[in-house]
Amino acid sequence: MAKIEGVGAVILHAADPAALAKWYEERLGIETEFSENEGCFYGQVGDAPEQEAVLFGILPAKGPLAPGTHAVMINYRVDDLDGFIAGLEQRGVAVKRLADESFGRFAHIHDPEGNPIEIWEPLAPAEAGEE
């Protein structure tokens, strides 16, 4: 049977795509470029050699995909949760820290359009008590 092999793209629909693209760049470090042909912003997440890059797009809201429905939460993996949270808080982002789990540490934030975002630092097996 065919199966999902990874995430190909994260697409957000926004009332103000330019403002949302700027927020993601300034707060989360996700850089995008405006595509004149398509009228939206595109970038990549995870371009390290051991990872396959994921397309990140911000498109104008239209049709059934209006902003603010919050049907999906994106989970971004980070290498230093405390450092990443400190940077977010310095940029004025409200962060809700969650209880640590056996497989990682988590925090939740929202972008300016109200989309929920989960920030996750996976724990190495030794850190998780699974030596």
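Quick one: in region 69-79, of everything that is within 16 Å of I109 (Cβ to Cβ) and not in a strand (DSSP E or B), which residue is modelled with the lowest pLDDT?
So the first thing to find is which residues in region 69-79 are within 16 Å of I109 (Cβ to Cβ), and the list is 70, 72-78.
Of the ones still in play, those that are also not in a strand (DSSP E or B) are 70, 72-73, 78.
On the way: H70: 58, V72: 72, M73: 76, V78: 88.
Among those that are within 16 Å of I109 (Cβ to Cβ) and not in a strand (DSSP E or B), it is H70.
Within region 55-65, can one find any residue that is touching a Ser or Thr at 6+ places or on another chain (Cβ under 7 Å) and either at pLDDT below 90 or of a type in the set (D, E, K, R) (or both)? Spell out how you get there, then give the answer.
Here is the first cut: in region 55-65, the residues touching a Ser or Thr at 6+ places or on another chain (Cβ under 7 Å) are 56, 58.
Cutting the leftovers down to either at pLDDT below 90 or of a type in the set (D, E, K, R) (or both) gives us 56, 58.
The answer is yes, given that some residue of region 55-65 is touching a Ser or Thr at 6+ places or on another chain (Cβ under 7 Å) and either at pLDDT below 90 or of a type in the set (D, E, K, R) (or both).
Quickly run through region 103-118 and pick out the residues that are open to solvent by 70 Å² or more (accessible area, probe 1.4 Å) and either farther than 13 Å from L28 by Cβ or among the hydroxyl-bearing types (S, T, Y) (or both). Lay out the reasoning, then the answer.
In the first step, residues of region 103-118 are kept if they are open to solvent by 70 Å² or more (accessible area, probe 1.4 Å); the result is 103, 110, 112.
If the condition is that a residue be open to solvent by 70 Å² or more (accessible area, probe 1.4 Å) and either farther than 13 Å from L28 by Cβ or among the hydroxyl-bearing types (S, T, Y) (or both), then F103 is the only one that fits.
Is there any pair with a first residue in region 32-55 that is closer than 15 Å to L20 by Cα and open to solvent by less than 100 Å² (accessible area, probe 1.4 Å) and a second that is modelled with pLDDT of 80 or more and among the acidic types (D, E) whose Cβ atoms are under 7 Å apart and which are 6 or more apart or on different chains, and what are they?
Listed by first residue and then by second, the contacts come to T32/E25; F41/E33; Y42/E33; G43/E31; G43/E33.
The values are calculated or read from the model by the stated rules, or taken from the named source; none is laboratory data. All of these numbers come straight from a predicted model, not from anything done at the bench. Glycine gets a Cβ as well: all are built from the backbone with ideal geometry, and neighbour counts include every protein chain shown. All accessible areas refer to the heavy atoms of the entire protein, side chains included, with ligands and DNA or RNA removed. Shrake-Rupley method; radii C 1.70, N 1.55, O 1.52, S 1.80 Å.
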